[in-house]
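The values are calculated or read from the model by the stated rules, or taken from the named source; none is laboratory data. Keep in mind that this is a model prediction, so the values were computed, not measured. So basically every Cβ, Gly included, is an ideal-geometry build from the backbone, and we count neighbours across all protein chains shown.
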Amino acid sequence: MSLFDNLKLTAELIKANLSEGIEDGYDHSTTSAGRKGLRSGRVSELTAMADLKPGGADNLRKIMEIANGNLKGATKVGTLHDLRIVLFDDDKKILFCTAYDGDWDAYINDFATKIPQLMDIIFGNIEGWPGIKDPTIKDFILSKQITATGWYVGVPHLTVNDIRRNDKIITGLNKAIDDANKIEK
């Protein structure tokens, strides 16, 4: 990119941010999540792409059908905000994207210790998957992981535990308000 093109793009981005952006009081900048991936505040991202074994896409669809799309076992990880599994390239590849709290190594360790069966059932459909408890698993994941080019977290300072605690507080307050309104009537 030429210097002129770089300056033009910079000016366009500044203009867009000034006219469309809002100041919400949060720092949305990104840093490293550890070995790979980005972190914004306390939330990190992991994006990976891999080749599927023959029949792997059909197996994954069946798994999601049996589970009714509910991978509630992932709740045991405790730091997991969300995850997405996308099949693409005529069902030859998988895209796995997730957001989580903290560092990369701790997150992978949680998968291996808290939901190893679920991990192997799902990712056993990937070419070369060594198994979540295999000593080479982190190297395998790193070989498939791609750091996001851009990433945004709406409220980067809240962990999953913070969100759950805040939800309980709001639920309790709403119940107290509803109960008080019933008494007044």
Just checking, which of 146, 137, 132, 126 is touching an Asp or Glu at 6+ places or on another chain (Cβ under 6 Å) and either surrounded by 15 or more Cβ atoms within 10 Å (Cβ to Cβ) or in contact (Cβ under 8 Å) with a residue 40 or more places away in the chain (or both)?
132
Out of all the residues in the stretch 58-91, which are in contact (Cβ under 8 Å) with a residue 12 or more places away in the chain and part of a strand (DSSP E or B)?
80, 81, 82, 83, 84, 85, 87
Could you check the stretch 146-160 and list, in sequence order, the residues that are out of contact with any Gly (no Cβ under 7 Å at 6 or more places or on another chain) and either outside any loop (DSSP other than H, G, I, E, B) or polar (S, T, N, Q) (or both)?
149, 159
Boolean, residue 95 is aliphatic (A, V, I, L, M), in a helix (DSSP H, G or I) and either at pLDDT 90 or above or touching a His at 6+ places or on another chain (Cβ under 6 Å) (or both)
no
Test result for residue 177, in a helix (DSSP H, G or I), modelled with pLDDT under 95 and either under 21 Å from residue 100 (Cβ atoms) or touching a Ser or Thr at 6+ places or on another chain (Cβ under 9 Å) (or both):
no
Checking the conditions here, which among 76, 53 is closer than 27 Å to residue 105 by Cα, charged (D, E, K, R) and under 19 Å from the mean Cα position of the chain (by Cα)?
76
State which residue is nearest to the chain's Cα centre (by Cα) when the search covers only the stretch 103-142 and only residues that are β-branched (Val, Ile, Thr) and over 17 Å from residue 62 (Cβ atoms).
108
Could you check the stretch 159-181 and list, in sequence order, the residues that are under 16 Å from the mean Cα position of the chain (by Cα) and under 19 Å from residue 110 (Cα atoms)?
159, 160, 161
Among residues of the stretch 29-57, those that are surrounded by fewer than 19 Cβ atoms within 10 Å (Cβ to Cβ), without any contact (Cβ under 8 Å) to a residue 24 or more places away in the chain and in a strand (DSSP E or B), counted
2
